1. If you roll a 1.4 Å probe over the heavy atoms of the protein chains, what accessible area per residue do you get for segment 284-347, in Å²?
2. Report the extension gain between Asp198 and Ser55 in nm, rounded to one decimal, defined as 0.36 nm multiplied by the number of residues separating them, less their alpha carbon distance.
3. Over the chain, what is the mean sequence separation of C-alpha contacts under 8 Å (at least six apart), divided by residue count, expressed as relative contact order in percent?
4. If each residue of separation counts as 0.36 nm, what is the full-extension length gain between Glu147 and Glu247 once their alpha-carbon separation is subtracted?
5. With a probe of 1.4 Å, find how much accessible area segment 16-104 has per residue, and write the answer as a whole number in Å².
6. Can you give me the C-alpha center-to-center distance between segment 35-67 and segment 189-218, rounded to a whole angstrom?
7. Only Cα pairs under 8 Å and at least 6 apart count here; give the relative contact order of segment 374-446 as a rounded whole percent.
8. Lys and Arg at +1, Asp and Glu at -1: add these up for the other residues within a Cβ distance under 11 Å of Glu382 and post the number.
Amino acid sequence: MKKPLIALLMLISLGAHSQGPDNVMQFSIKEAIDFSFQHQKDVLNSQLDVEIANSQVKETIGMGLPQISASFDVKDYVKIPVSLIPAEFFGGEAGTYEAVQFGTQWNATAGLSASQLIFEPSYLVGVQAAKTFKELSIKNHDRTKLETAVSVTKAYYMVLLMRDRKNVIDANVSRLQKYNSDIKAMFENGFVEKVDVDRIQVTYNNVLSEQEKFQRLIEITEGNLKLQMGLPQASTINLTDSLNAEEIKTIGVSIDKASPEKRIEYALLKTQEKIQEYNVKRYKAQYLPSLVAYGNLSSSAQRTEFNIFDPAYKWYPVGIIGATLSLNLFDGLQRENKIRHEKLGLRKIKNEITYFEDAIELQVSSSRSSLANAISALKIQEQNLELANSVTNTSKIKYDQGVGSNLEVLNAETSLKEAQSNYYNALYDAIIAKIDLDQSLGNFKY
């Protein structure tokens with residue numbers, strides 16, 4: 001019954017998102033991130049790790065609770081054991097033995113036993129360590145969600161950028177198609193040479209090829225976005241957010257100082273440090289004694305026939321209670337070496353924390369410089385794009401008026417395509433640089 005229920009819940013979850021015509025799923029960036037938290041493999045597995053850690057905490061706590069067990073044992077002595085008794089006990093010759101069978105064919109024992117840990121220092125440390133391990137699993141889940149949110153955001157913007165570039169290429173195709181038709185008409189009327197027709201045809205063919213290539217690239221980038229979201233590849237999606245170049249150009253470069261405490265990676269390292277400290281304490285605690293109380297109640301029956309449960313025959317009870325105090329006096333220095341081993345591991349983690357505190361300064365500084373450079377490059381490429389558009393329009397007007405050359409127009413078209421490509425690359429670089437800076441500062445919001 002579980003599989004149909006899971007399938008139903010997935011359908012309900014999928015249906016929770018707005019859908020357009022033909023069941024096209026629509027996502028904003030926020031909706032795409034939220035969807036990935038419910039369906040992306042890494043996020044789901046890290047959530048399962050949290051649940052596993054929670055079970056381990058309960059399992060560890062259970063070791064300190066009363067341990068109760070029951071047993072029931074039945075034996076059929078097909079051959080009753082034989083013992084040799086000196087024959088003189090029965091009036092026989094001294095130095096000889098008489099074979100005698102003791103016991104009955106059927107024997108049964110029912111028992112109930114219980115034990116309780118009274119004092120075990122390493123147990124208390126173990127419980128604290130298990131709870132800290134659960135905390136580590138929760139932080140790791142948070143890190144997985146952050147990394148997934150970053151990946152989805154970057155993939156989302158890549159799809160938007162590719163679609164915008166595709167629109168620009170479509171416009172290029174339409175413009176060159178008209179230009180190609182005009183040149184052919186002029187050639188037929190004897191106003192231009194065949195070489196002019198061939199040149200524009202080559203350029204037109206190239207832009208058609210580029211149009212097809214970008215259509216395939218859009219499918220690839222959409223497939224990557226679906227993968228990051230945990231969405232089936234066969235799904236059809238519509239992105240409701242759009243690129244806003246003006247907003248991107250005005251992105252401010254944050255002057256916030258690097259703060260390790262805001263980074264989930266730092267929290268993970270500090271939690272690992274705490275767990276390692278508990279490991280040291282756990283082995284040190286083994287120098288102290290442990291005390292366990294126990295009790296056992298059992299009853300046995302011996303029968304010549306299989307009438308064990310016949311109330312007419314007696315069962316013979318036995319009961320004991322006791323306690324065991326244990327102290328490991330010498331273990332060949334194993335504990336000493338285990339403690340030393342864990343202390344060295346603790347030093348390694350402390351070194352990792354120190355390195356991270358130093359590295360984050362450089363990471364933030366580098367990300368801040370990358371964003372400043374990306375915004376500057378975007379503004380320059382936007383100016384270049386405007387100039388390339390102006391040159392293209394001017395060259396076309398000059399050619400139409402008979403004062404420009406066909407080659408001049410084609411060179412302008414080539415420069416325009418290059419400017420468009422550089423502009424969109426700079427636009428994407430600025431977006432990625434902003435995301436990377438927010439992530440390095442611990443300010444990425446999802």
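The values are calculated or read from the model by the stated rules, or taken from the named source; none is laboratory data. For clarity, every value in this text was computed on a predicted model and none was experimentally measured. Positions of Cβ are generated from backbone atoms using ideal geometry, with glycine treated the same way; all protein chains shown enter the neighbour counts. Areas reflect the complete protein model, heavy atoms only, side chains present, ligands, DNA and RNA absent. Shrake-Rupley method; radii C 1.70, N 1.55, O 1.52, S 1.80 Å.
1. Working: 4830 Å² over 64 residues.
Using a 1.4 Å probe on heavy atoms only, each residue of segment 284-347 averages 75 Å².
2. This chain segment gains 44.1 nm when fully extended.
3. 21
4. On the way: separation 100, 0.36 × 100 = 36.00 nm, distance 2.44 nm.
That works out to 33.6 nm of additional length.
5. 68
6. First find each Cα centre; the distance between them is then 60 Å.
7. 42
8. 0
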